[in-house]
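Read the structure below first, then the notes.
The values are calculated or read from the model by the stated rules, or taken from the named source; none is laboratory data. Please read all numbers here as calculations on a predicted model, not as lab measurements. Here the Cβ is made from the backbone with ideal geometry for all residues, glycine too, and neighbour counts use every protein chain on show.
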Amino acid sequence: MGICWSPNSKAVNPAFSVPSSGSNSKTRSKDVSRLSRGSSYVSSASFSLTHRSEGEILQLANVKSFTFTELKCATRNFRPDSVLGEGGFGSVFKGWIDEQTLAPAKAGSGMVIAVKRLNPEGFQGHREWLAEVNYLGQLHHPNLVKLIGYCLEDDHRLLAYEFLQRGSLENHLFRRGSCFQPLSWKLRMKIALGAARGLAFLHGAEISVIYRDFKTSNILLDSNYNAKLSDFGLAKNGPTGDKSHVSTRVMGTYGYAAPEYLATGHLTARSDVYSFGVVLLEMLSGRRALDKNLPSGEHNLVEWSKPYLASKRKIFRILDSKLEGQYSLAGAQKTASLALQCLSAEARLRPTMDAVVSVLEQVQSTKDSERKNQAEKTLHTQSFGRGAQVPQRKSMEGGSLKGYPRPLDSIAA
């Protein structure tokens, strides 16, 4: 799911999907705490779908209950020209509601929303719809998409979300056109940090939540490129008590799922960390997790890139050429090392999402510091480059030096 979502195409089966392959292919999206800033909260209620009835879940959800007629009116009768995207769930439509009353509004006025209408014959069903209401109705954080309301009426299942203007990270990384210019290093790191904070919040909730389907198409961007996690249909409560994992049917997307989860069905928060590593690698390389259009041996991004990630001298072979000159050596190496840790074959060796957030904050602060140093250096050069006399100083032997020695360029460690 997404809120400025890509065209639909078939999944392998209802439980597992395959990401799109190649930059010109259509998206295959039928998918089977530490906070530095911003407000967030979790309701005191449990998120379990197993021990609560549908009525209890809907009653606890802190969102509006829309009628089908209201959402039909808000989307102008689900007109084809208002479709934002399609997927295994059905179609997503653009709509408008009054910002205060949440009543349907005239097109172009009020607040823009994205309305997901569940297709009864699609891969995602009522349980996934209910999971979204359950989690997004109680979880609130700057890096999670905001659920505004739902509709449960007869056979109709709909969800209304905030509209995010810049669509999915997937589109910005892999689609080309006037609407999708290559993302800069600075924006990629900002998005990575925001998404990491969203996952860290989920893992650090009173009852840990495992996202289970972290990928570029589920990371949505607002007008300022703030990342927000969407599509909680596959989200699962984490293990409780002395349990080390949750045993569940394998679901998610090929290329992003952790190897131990695929092999055993054992789900932990570190499964999300692995998926984050894949996405971080996609952001570094500009390549998809799986791309059969590439030469043999390069189809699987993780397998192809791991030897390069492990070498500080070779990491530049995997970095997106569009990022040339935008990053520091230290920042690139630190980010590549983080991706490699997240992709560890052993779950216990992967960092927590809190640790991931810390590293990405360091990368961002390092870049800001370098930018400040460069600005000071430029100012220094300009001060002595406009015909002003260079100040003289005496040597210890009483002679005169020609001027202050030129400052050395800072070298990243």
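Quick look at the values:
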| quantity | calculated |
| --- | --- |
| Considering residues of segment 124-161 that are surrounded by fewer than 17 Cβ atoms within 10 Å (Cβ to Cβ) and of a type in the set (Asp, Glu) only, the residue farthest from ASN218 (Cα to Cα) | ASP154 |
| Qualifying positions in segment 266-280 - in contact with a Lys or Arg (Cβ under 8 Å, 6 or more places away or on another chain) and not in a helix (DSSP H, G or I) | LEU267 |
| Condition met for LYS312 (at pLDDT below 95, in a helix (DSSP H, G or I) and within 28 Å of SER365 (Cα to Cα)) | no |
| Unmet requirement for GLU121, which otherwise passes all of (1) at pLDDT 95 or above; (2) surrounded by fewer than 19 Cβ atoms within 10 Å (Cβ to Cβ); (3) over 21 Å from the mean Cα position of the chain (by Cα) | (1) |
| Checklist (1) part of a loop (DSSP other than H, G, I, E, B); (2) under 12 Å from the mean Cα position of the chain (by Cα); (3) surrounded by 24 or more Cβ atoms within 10 Å (Cβ to Cβ) applied to LEU220, failing item | (1) |
| Total residues in segment 335-351, condition under 19 Å from GLY265 (Cα atoms) and of a type in the set (Gly, Ala, Ser) | 3 |
| Residue in segment 113-122 that is within 21 Å of GLY252 (Cα to Cα) and part of a helix (DSSP H, G or I) present | no |
| Odd one out for ARG166 among (1) within 20 Å of GLN326 (Cβ to Cβ); (2) modelled with pLDDT of 95 or more; (3) among the basic types (Lys, Arg); (4) outside any helix (DSSP H, G or I) | (2) |
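Per-residue answers, yes or no, for (1) surrounded by 21 or more Cβ atoms within 10 Å (Cβ to Cβ); (2) assigned to a helix (DSSP H, G or I); (3) touching a helix residue (DSSP H, G or I) at 6+ places or on another chain (Cβ under 8 Å):
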| position | (1), (2), (3) |
| --- | --- |
| LEU234 | yes, no, yes |
| PRO239 | no, no, no |
| SER244 | no, no, no |
| GLU282 | yes, yes, yes |
| ARG288 | yes, no, yes |
| GLY297 | no, no, yes |
| PRO307 | no, yes, no |
| ALA330 | no, yes, yes |
| ALA339 | yes, yes, yes |
